[in-house]
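The values are calculated or read from the model by the stated rules, or taken from the named source; none is laboratory data. Source: prediction; values computed, not measured. Using ideal geometry, Cβ is built from the backbone for each residue, glycine included, and neighbour counts are taken over all protein chains shown. When the accessible area is computed, the model is the full protein with side chains, heavy atoms only, and any ligands, DNA or RNA have been set aside. Shrake-Rupley method; radii C 1.70, N 1.55, O 1.52, S 1.80 Å.
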Amino acid sequence: MVNAAVQGSQPDPYEVEIQFVDGAVEPETIDATCTCPYDWGGYCKHIIAVLLELVETDIELEDEREAVERVLSDAHPEELRDFLLEESERDADLRRRLLTRFEEQDTQSLYDYKKEMSQQYRGPYTYRYEGPDFSEFHDLAETHREQGNPLEAATIYRAMTEVRIENMDMVQDYYGEDFEAELDAFVECIRETDLDHEEKREYIDYLFERWENDDSAVGTFSGQYEDALWELCTDDADLQYWRDLLEDDQPVEIPETSKPDDGIGSFDTRRYEAERRIELYADVLDALGDTETLREVYEQYYLNIRKFCVRYARLLAAEGEDDRAIEVAEEGLDALSNVGELRRFLIDAYVDRDPERHRELLREQFRQSGDWEYYDQLRARCSDDEWEEMVADFEARFEDSNVRRLIDLYLREGRTADAFETVIEAAREEPDDAFRRAVGDNGLAILSEYRDDVADYDSATYYEVYEERLEPFLADTTGRDHYQTVVEYLEEMRELGFDDEFETFVAHLKEKHSNRPAFLDEMEALDA
């Protein structure tokens, strides 16, 4: 089998899969699919392109490494020497790797590496989907590491990360995974040198400066540089130095959120910058075990920074100050948004203290999160009358906000008829927003999701709605992925047990869409 990606008219390449019979590359001995929307006779141009490439390259089954080893074992040393000399004159990368591997030289400055790497971005197009190819520099860096020169390798990896940042506007995607891998390799190289704290400081300074100067409005790289600092600062002396760097410019206070008309907008970069410095400072204090200073920071900012509020409450509880911990968490509930973690803390804190408040928090946590764990806990703590009132409240809320949660509620309560009616009603409802229309959600997804739970209540109606929704769904678009989804829904329909109706419906679909060979091809799976 061969899998290939073929660039078409869209930004993302199409995926081609080709299976061979007896290894032969002949039209009658292959089964091929492509994710493009082509739906006429024969194979699409993307499949043909892959087949032509296979024929022209004359694929060898012999392992290339074994072939190279065989040639090297038979070659005369002088012939090999002449060959390497000739190739290294034409290939600067090969020449550099040879010198690095065998003479431990060819080191360059950071500036020189960056200048050479930056050439990868030069070309006729300002924006490119593909990032630069730094493979030769990766190879060179790893050769230096193998030769016991990790600091030179670190310089190369540092150059890669800086060049990527400096040329972000030259590509559509700055390839964050590549950047992160190269920054990780930079730190690994520094750690391989086993530097003492004084020697390590210049690298801590460098990473801290990069973290500090990251674009506050975007925060594109600050997370990676922060992770790198954590990897590099391996002992208390490193952490203390990092703490000192943070303390040199700690905010006195967190600025109030600016109004939209002040020219900044809803995202306040000044506030973000202050918060990230304070949060990192607290994390370093925690790593150093300086609980006293950490408590002072939490006390000052726990109503400004949500994560501080719950951390402060937990710290107070761990030190036996339960009343103050609850007070802090309750203040946070009133003052902050997205307080699920605070509410979870209070649920545990009130379990033996205040049953009524405990139930109230469980109720709100379930309403907000939909986590059935809290539903079960709440049910166990309510009388039958109280529970009937709770369920009515949940039902009223979910009717307007979350139909699937409403169906799950009915199923949990053993109300299969209500669950069935809700599924059927939701499936028959026409898509009412652009997103549902875009993903082709015309009711089949919810029928499929709850088929095992409610279809037996009235399987004839369930089958009927499947038919109603599947025919327009099939006609809506083309492509093998779409047809495979249709077949999956058909298989679900068949399991409902209406064999005669099913055969008639399948025959109808094949006749109506007989001009779609890809659809007919995928329908063969129903007979397999």
Of the conditions (1) surrounded by fewer than 16 Cβ atoms within 10 Å (Cβ to Cβ); (2) assigned to a helix (DSSP H, G or I); (3) without any contact (Cβ under 8 Å) to a residue 24 or more places away in the chain; (4) not aliphatic (A, V, I, L, M), Asp205 clears all except one; give me its number. (3)
Within region 509-528, can you find the residues that are in contact (Cβ under 8 Å) with a residue 60 or more places away in the chain and open to solvent by less than 50 Å² (accessible area, probe 1.4 Å)? Arg516, Ala518, Phe519
Modelled with pLDDT under 70 and surrounded by 10 or more Cβ atoms within 10 Å (Cβ to Cβ): is that true of Ile18 in this structure? no
Residues (touching a residue at least 24 places away in the same chain (Cβ under 8 Å) and either open to solvent by 20 Å² or more (accessible area, probe 1.4 Å) or basic (Lys, Arg) (or both)) located in region 231-249: Glu231, Thr234, Asp235, Asp236, Ala237, Gln240, Tyr241, Arg243, Leu245, Glu247, Asp249
Quick check on region 94-125: of everything there that is farther than 21 Å from Phe186 by Cα and either in contact with a helix residue (DSSP H, G or I) (Cβ under 8 Å, 6 or more places away or on another chain) or not in a helix (DSSP H, G or I) (or both), which residue is modelled with the highest pLDDT? Tyr121
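Hey, can you tell me all the residues within region 148-166 that are among the basic types (Lys, Arg) and open to solvent by 20 Å² or more (accessible area, probe 1.4 Å)?
Answer for region 148-166, where residues must be among the basic types (Lys, Arg) and open to solvent by 20 Å² or more (accessible area, probe 1.4 Å): just Arg158.
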When you check Asp500 against the structure, is it more than 19 Å from Ser448 (Cα to Cα), part of a helix (DSSP H, G or I) and among the acidic types (Asp, Glu), yes or no? yes
Which condition does Phe420 not pass, out of (1) closer than 30 Å to Gln377 by Cβ; (2) open to solvent by 70 Å² or more (accessible area, probe 1.4 Å), if it passes all the others? (2)
The one condition Val506 fails out of (1) part of a helix (DSSP H, G or I); (2) surrounded by fewer than 16 Cβ atoms within 10 Å (Cβ to Cβ) is (2)
With criteria (1) hydroxyl-bearing (Ser, Thr, Tyr); (2) open to solvent by 50 Å² or more (accessible area, probe 1.4 Å); (3) farther than 25 Å from Glu330 by Cα, Tyr410 comes up short on (2)
Would a scan of region 295-318 turn up a residue that is modelled with pLDDT of 95 or more and over 28 Å from Tyr272 (Cα atoms)? yes
I'm trying to understand the selection: among the residues of region 246-257, which are part of a helix (DSSP H, G or I) and either modelled with pLDDT under 85 or over 32 Å from the mean Cα position of the chain (by Cα) (or both)? Glu247
